[in-house]
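Chemist: The following block contains the structure, expressed as structure tokens.
The values are calculated or read from the model by the stated rules, or taken from the named source; none is laboratory data. Quick caveat, the model's predicted, so the values are computed rather than measured. As a convention, Cβ positions derive from the backbone with ideal geometry for all residues, glycine included, and neighbour counts pool all protein chains shown. Ligands, DNA and RNA are stripped out before the accessible areas are found, and what is left, the full protein with its side chains, is counted by its heavy atoms. Shrake-Rupley method; radii C 1.70, N 1.55, O 1.52, S 1.80 Å.
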Number of protein chains: 4
Amino acid sequence: MAHIPDSLLAGYRNFMNGRYASESGRYRALAREGQTPETMVIACCDSRAAPEAIFDAGPGELFVVRNVANLVPPYEPDGEFHSTSAALEFAVQSLKVKNIVVMGHGRCGGIGAALNVNAAPLSPGDFIGKWMSLIAPAAETVSGSTLMTQSERQTALERISIRYSIANLRTFPCVSILEGKGRLTLSGAWFDISSGELWVMNRATGDFERPEEKA
Amino acid sequence: MAHIPDSLLAGYRNFMNGRYASESGRYRALAREGQTPETMVIACCDSRAAPEAIFDAGPGELFVVRNVANLVPPYEPDGEFHSTSAALEFAVQSLKVKNIVVMGHGRCGGIGAALNVNAAPLSPGDFIGKWMSLIAPAAETVSGSTLMTQSERQTALERISIRYSIANLRTFPCVSILEGKGRLTLSGAWFDISSGELWVMNRATGDFERPEEKA
Amino acid sequence: MAHIPDSLLAGYRNFMNGRYASESGRYRALAREGQTPETMVIACCDSRAAPEAIFDAGPGELFVVRNVANLVPPYEPDGEFHSTSAALEFAVQSLKVKNIVVMGHGRCGGIGAALNVNAAPLSPGDFIGKWMSLIAPAAETVSGSTLMTQSERQTALERISIRYSIANLRTFPCVSILEGKGRLTLSGAWFDISSGELWVMNRATGDFERPEEKA
Amino acid sequence: MAHIPDSLLAGYRNFMNGRYASESGRYRALAREGQTPETMVIACCDSRAAPEAIFDAGPGELFVVRNVANLVPPYEPDGEFHSTSAALEFAVQSLKVKNIVVMGHGRCGGIGAALNVNAAPLSPGDFIGKWMSLIAPAAETVSGSTLMTQSERQTALERISIRYSIANLRTFPCVSILEGKGRLTLSGAWFDISSGELWVMNRATGDFERPEEKA
């Protein structure tokens, strides 16, 4: 009896015979010398939007937080447990990453839940309800935008949420100071699962644009 | 001027010409029909331990939470923001995953910070300090195990922490009920960055063993 | 009636027709010229961890002490009988070996007995209890490490004990002087019976590492 | 830099590619199920007289104590450290071996030291001197037997010493009781390094005889 799902064990064996076999030197060096990723990505848990796949990233390249709907809460030094803030502090202060990318995506279940303002909690603890309440004011506004289709409201909130998370990143003193000194960049991106397109947030306007159109 | 780091843009172009080009049908179907991952992985943010790489997983296969040191807090329905609990609730109640895997790894910076009990906070907010305090009692005990080397203490706490997170998973009623009904499995795994080995937790004993040895 | 167990007699006949037949010249030279082994191994009595097998060593290569749990007591020139100290003195002063290796192994019964701190003596003489009391302080500490599994405690004490024996070797003036002059090396090793792996102690850190990973 | 002598590392690699590769199933079973050797061998540390070689024994077959000159001290339940007595207790009471073999050999350095009654200590601790004093009365008598050649005195004391150790084995209550019940056999053997011959002690007479002569 395996103590891990067979499908994962089979995948792990592919890894050992494939990627690890061809990159063992890199893994060993990364173990010996420690990680020095230049970029932190804050992404969603969604199984269709893995940052390493979308950015074709190898071991050691991306420091990745994944939570539902790729949210960053505002700076709250209140002594409570803050998973995302802890990762942010570690990436910026200890690893000294140079870039932070907030990457959302289409058809996000968390954003869908936030828009479904009258839905019953998923469980008595209502953890998703509470978590998505981070963007509740925006969700309520967008859900009332009845001139937009449901799909348009979904995409709109996905993008609003990315801009909101980037704004929250700047409430962390360490982030705003380093960005001010030109030592840290903040980016937004939105991934279209269906077309595979990555839409990048224009830092000046907040708009999401396809970079390949500029190429 | 690109609004996203050049290295990520280059990687994204590789994705479009590579993985997406060969799997566009799968991405389109996943967009159209929604995600139905069978497995949730709770992993670390570390750039060297991406679950999709280690399990050679394609789009749609793994629902992934990543936080520093792959911790699961105990069930606390207190109305606060709980990133990991929200993802857990979503995976179990909405996506109805069949498996949850807590995957730790060697040389984990979060575990190292927890063992460094007298270290100064990384920033005034001390988010890492607070986050890692989830395993503070174990960290204090292990950091006092001076007969072990620093590396041995690190590995010991990494594994203790995985067992602790699995125990915390069971404090969530939805998890313990479904596990009791045989509809949800809980697994632990520990990835050795240097050797590429995956050590799987034996559910009966809590020991970490290499599955290839049983083959 | 044979005066020695039949299985040993059969094995001896294999030796005469096999190894001795092909290495008789070497045995004769070793008899004529005396032994000049370069290495002393201090190993356990365990039937699964014979040093000559693990190091593929032929006649004349290894001077081998074997006691329960491969312990080296500290230097005590008290006029009592000291089996291991006598062998050490003979190897270093008379044979002038260049290397001493303390080799422990997994699933060691002596270490297991030491961890079982409240067990009854095996016999009224309690020789094992007294012998293993050489590492009693460490055994008590490790046996109280309840966050670790039984197997983890066992491995931890096996490795701590090797480091302790190496430290005790250095309490012998002849060892510390020759090591200081670069004429004697001290090594630690731990054999995993199941996987056949030899983990070698890093002299700088005390950690046990698989040498093949560095190849 | 290797942390173990290169020659041992090379030998270990031979073991992994040779004996372990062909007997991995046996090693794994021995790890899983524990050792159950039927025979304990008390042998000398001498590099030319490894019991596993002489008895062509595989993993799991022989529980082996090795000290200088393969001595067994008499039963002394005095609360001191007794390496050999501890191994004996473990073999008989815990592993329940069926046979104990005391195996000496020709050209034994420890026996030679015992015969050299006026030699200076090897080191200030004089551990060999003290250890070999276990057979001091016999050594003094034999060293005075000037009608015998030096070589004859050496062989004589080697064989006297084996008989003495077997007599000492019987001073352990657990040994004498089990031997009386027919559940434990005691044997003596003497290995001629040059010729490869094993001389077996006749239990009735104490003489050492070559078993092949009876075949």
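Chemist: Could you identify the single residue in B:Arg159, B:Arg163 that is under 16 Å from B:Trp190 (Cβ atoms), assigned to a helix (DSSP H, G or I) and either touching a Gly at 6+ places or on another chain (Cβ under 6 Å) or of a type in the set (Phe, Trp, Tyr) (or both)? Spell out how you get there, then give the answer.
Modeler: Details: B:Arg159 fails: either touching a Gly at 6+ places or on another chain (Cβ under 6 Å) or of a type in the set (Phe, Trp, Tyr) (or both).
Step by step, each of B:Arg159, B:Arg163 is checked, and only B:Arg163 is under 16 Å from B:Trp190 (Cβ atoms), assigned to a helix (DSSP H, G or I) and either touching a Gly at 6+ places or on another chain (Cβ under 6 Å) or of a type in the set (Phe, Trp, Tyr) (or both).
Chemist: Out of C:Arg26, C:Arg66, C:Arg48, I need the residue that is modelled with pLDDT of 95 or more and not assigned by TED's automatic domain parsing to the domain that holds C:Pro137. Which one?
Modeler: C:Arg26
Chemist: Yes or no: segment D:24-38 includes at least one residue that is assigned to a loop (DSSP other than H, G, I, E, B), open to solvent by 20 Å² or more (accessible area, probe 1.4 Å) and more than 16 Å from C:Phe191 (Cβ to Cβ).
Modeler: Just the residues of segment D:24-38 that are assigned to a loop (DSSP other than H, G, I, E, B), to begin with: D:34-38.
Filter again for open to solvent by 20 Å² or more (accessible area, probe 1.4 Å), leaving D:34-36, D:38.
Those still in the list that are more than 16 Å from C:Phe191 (Cβ to Cβ) too: D:36, D:38.
Yes: segment D:24-38 contains one or more residues that are assigned to a loop (DSSP other than H, G, I, E, B), open to solvent by 20 Å² or more (accessible area, probe 1.4 Å) and more than 16 Å from C:Phe191 (Cβ to Cβ).
Chemist: Could I ask something else about it? Which of the residues belonging to segment C:163-215 are among the β-branched types (Val, Ile, Thr) and over 24 Å from A:Arg32 (Cα atoms)?
Modeler: Across segment C:163-215, the qualifying residues are C:Ile166, C:Thr171, C:Val175, C:Ile177, C:Thr185, C:Ile193.
Chemist: Also, quick follow-up: Which is open to solvent by 20 Å² or more (accessible area, probe 1.4 Å) and not in a helix (DSSP H, G or I), of C:Trp190, C:Trp199?
Modeler: Details: C:Trp190 fails: open to solvent by 20 Å² or more (accessible area, probe 1.4 Å).
The match here is C:Trp199.
Chemist: Considering only segment B:49-75, state which residues are farther than 20 Å from A:Val72 by Cβ, in a loop (DSSP other than H, G, I, E, B), open to solvent by less than 10 Å² (accessible area, probe 1.4 Å) and touching a residue at least 60 places away in the same chain (Cβ under 8 Å).
Modeler: B:Ala49, B:Val72
Chemist: Then there's this: If I filter segment B:137-151 for residues that are within 23 Å of B:Ala49 (Cα to Cα) and over 20 Å from the mean Cα position of the chain (by Cα), do I get at least one hit?
Modeler: yes
Chemist: Among the charged types (D, E, K, R) and in contact (Cβ under 8 Å) with a residue 40 or more places away in the chain - does that describe any residue in segment B:170-178?
Modeler: Going through segment B:170-178, the residues among the charged types (D, E, K, R) turn out to be B:170.
This time we only want the ones that are in contact (Cβ under 8 Å) with a residue 40 or more places away in the chain, so: none.
No; the residues of segment B:170-178 include none that is among the charged types (D, E, K, R) and in contact (Cβ under 8 Å) with a residue 40 or more places away in the chain.
Chemist: Another question, then. Quick test of your reading of the structure: D:Phe15 fulfils all but one of (1) open to solvent by less than 10 Å² (accessible area, probe 1.4 Å); (2) outside any helix (DSSP H, G or I); (3) not basic (Lys, Arg). Name the failing condition by number.
Modeler: Tallying (1) open to solvent by less than 10 Å² (accessible area, probe 1.4 Å); (2) outside any helix (DSSP H, G or I); (3) not basic (Lys, Arg), D:Phe15 fails exactly one: (2).
Chemist: Search segment A:102-113 for residues that are at the interface with another protein chain (Cβ under 9 Å from one of its Cβ atoms) and pair each with any residue that is at pLDDT below 95 and assigned to a loop (DSSP other than H, G, I, E, B) when their beta-carbon atoms are under 9 Å apart and the residues are at least 6 apart or on different chains.
Modeler: A:Ala113/A:Ala119; A:Ala113/A:Leu122
Chemist: Right, here's the next one. In the set D:Ala10, D:Ala2, which member is in a loop (DSSP other than H, G, I, E, B), over 30 Å from D:Ile162 (Cβ atoms) and among the small types (Gly, Ala, Ser)?
Modeler: Values: D:Ala10 fails: in a loop (DSSP other than H, G, I, E, B).
Of D:Ala10, D:Ala2, the one residue that is in a loop (DSSP other than H, G, I, E, B), over 30 Å from D:Ile162 (Cβ atoms) and among the small types (Gly, Ala, Ser) is D:Ala2.
Chemist: Out of curiosity, is A:Ser94 under 30 Å from B:Asn202 (Cα atoms) and of a type in the set (Ser, Thr, Tyr)?
Modeler: Numbers: under 30 Å from B:Asn202 (Cα atoms): no; of a type in the set (Ser, Thr, Tyr): yes.
No.
Chemist: Right, next: Limited to segment A:76-105, what total is found for residues that are part of a loop (DSSP other than H, G, I, E, B) and modelled with pLDDT of 95 or more?
Modeler: Going through segment A:76-105 one residue at a time, the tally reaches 4.
Chemist: Tell me, yes or no, whether segment C:134-149 has at least one residue that is small (Gly, Ala, Ser), touching a Phe, Trp or Tyr at 6+ places or on another chain (Cβ under 6 Å) and farther than 30 Å from D:Pro74 by Cβ.
Modeler: Kept after step one, since they are small (Gly, Ala, Ser), are these residues of segment C:134-149: C:136, C:138-139, C:143-145.
Filter once more, keeping what is touching a Phe, Trp or Tyr at 6+ places or on another chain (Cβ under 6 Å): none.
No, because not a single residue in segment C:134-149 is small (Gly, Ala, Ser), touching a Phe, Trp or Tyr at 6+ places or on another chain (Cβ under 6 Å) and farther than 30 Å from D:Pro74 by Cβ.
Chemist: Could you look through segment D:86-101, keep only residues that are touching a strand residue (DSSP E or B) at 6+ places or on another chain (Cβ under 9 Å) and more than 7 Å from chain C (Cβ to nearest Cβ), and pick out the one that is surrounded by the fewest Cβ atoms within 10 Å (Cβ to Cβ)?
Modeler: If we filter segment D:86-101 for residues that are touching a strand residue (DSSP E or B) at 6+ places or on another chain (Cβ under 9 Å), which is where we start, we get D:86-88, D:90-92, D:95, D:97-101.
From the residues that got through so far, the ones that are more than 7 Å from chain C (Cβ to nearest Cβ) too are D:88, D:91-92, D:95, D:97-98, D:100.
On the way: D:Leu88: 31, D:Ala91: 28, D:Val92: 23, D:Leu95: 19, D:Val97: 25, D:Lys98: 15, D:Ile100: 27.
So the residue we want is D:Lys98.
Chemist: Name the residues in segment D:37-85 that are among the aliphatic types (A, V, I, L, M), more than 7 Å from chain C (Cβ to nearest Cβ) and under 20 Å from C:Met132 (Cα atoms), would you? Show your work before the answer.
Modeler: Step one: list which residues in segment D:37-85 are among the aliphatic types (A, V, I, L, M), which gives D:40-43, D:49-50, D:53-54, D:57, D:62, D:64-65, D:68-69, D:71-72.
With more than 7 Å from chain C (Cβ to nearest Cβ) added as a condition, the list becomes D:40-43, D:49, D:69, D:71-72.
Matches in segment D:37-85: D:Met40, D:Ile42, D:Val72.
Chemist: Would you call D:Arg210 without any contact (Cβ under 8 Å) to a residue 24 or more places away in the chain, surrounded by fewer than 18 Cβ atoms within 10 Å (Cβ to Cβ) and touching a helix residue (DSSP H, G or I) at 6+ places or on another chain (Cβ under 6 Å)? Let's see the steps before the verdict.
Modeler: Values: without any contact (Cβ under 8 Å) to a residue 24 or more places away in the chain: yes; surrounded by fewer than 18 Cβ atoms within 10 Å (Cβ to Cβ): yes; touching a helix residue (DSSP H, G or I) at 6+ places or on another chain (Cβ under 6 Å): no.
Answer is no for this residue.
Chemist: Quickly run through segment C:160-196 and pick out the residues that are more than 16 Å from the chain's Cα centre (by Cα) and closer than 21 Å to C:Cys108 by Cβ.
Modeler: Result: C:Ser194, C:Ser195, C:Gly196.
Chemist: Right, another one. Can you tell which of C:Leu115, C:Leu184 is of a type in the set (A, V, I, L, M), assigned by TED's automatic domain parsing to the domain that holds C:Glu76 and under 16 Å from D:Ile4 (Cα atoms)? If you could, list the steps in order and put the result at the bottom.
Modeler: Working: C:Leu115 fails: under 16 Å from D:Ile4 (Cα atoms).
Just a single option satisfies the conditions, and that option is C:Leu184.
Chemist: While we're on this one: Would you tally the residues in segment A:19-28 being within 27 Å of the chain's Cα centre (by Cα) and not hydroxyl-bearing (Ser, Thr, Tyr)? Before the answer, list the steps.
Modeler: Filtering segment A:19-28 down to residues within 27 Å of the chain's Cα centre (by Cα) leaves A:19-20, A:23, A:26-27.
Then keep just the ones that are not hydroxyl-bearing (Ser, Thr, Tyr); that gives A:19, A:23, A:26.
Qualifying residue count for the region: 3.
Chemist: Now, a different point. Got at least one residue in segment B:120-136 being modelled with pLDDT of 95 or more, open to solvent by 20 Å² or more (accessible area, probe 1.4 Å) and acidic (Asp, Glu)?
Modeler: no
Chemist: Name the residue that is farthest from the chain's Cα centre (by Cα), counting only residues in segment A:123-132 that are at negative phi and facing chain B (nearest Cβ under 8 Å).
Modeler: Just the residues of segment A:123-132 that are at negative phi, to begin with: A:123-125, A:127-132.
Narrowing further to those that are facing chain B (nearest Cβ under 8 Å): A:123-125, A:127-128, A:130-132.
Working: A:Ser123: 24, A:Pro124: 26, A:Gly125: 24, A:Phe127: 19, A:Ile128: 16, A:Lys130: 18, A:Trp131: 15, A:Met132: 14 Å.
Among those residues, the one meeting the criterion is A:Pro124.
Chemist: Now for a different question. Could you grab me the full set of residues in segment C:111-125 that are touching an Asp or Glu at 6+ places or on another chain (Cβ under 8 Å) and either outside any helix (DSSP H, G or I) or among the basic types (Lys, Arg) (or both)? Can you show your working first?
Modeler: As a first pass, look at segment C:111-125 and keep what is touching an Asp or Glu at 6+ places or on another chain (Cβ under 8 Å): C:111, C:117, C:122-123, C:125.
Once the filter is applied, which keeps residues that are touching an Asp or Glu at 6+ places or on another chain (Cβ under 8 Å) and either outside any helix (DSSP H, G or I) or among the basic types (Lys, Arg) (or both), segment C:111-125 yields C:Val117, C:Leu122, C:Ser123, C:Gly125.
Chemist: Here are some residues: A:Val175, A:Val142. Which one is open to solvent by less than 30 Å² (accessible area, probe 1.4 Å), away from chain B (no Cβ under 13 Å) and part of a helix (DSSP H, G or I)?
Modeler: Values: A:Val175 fails: away from chain B (no Cβ under 13 Å).
None of the other options fit; the residue is A:Val142.
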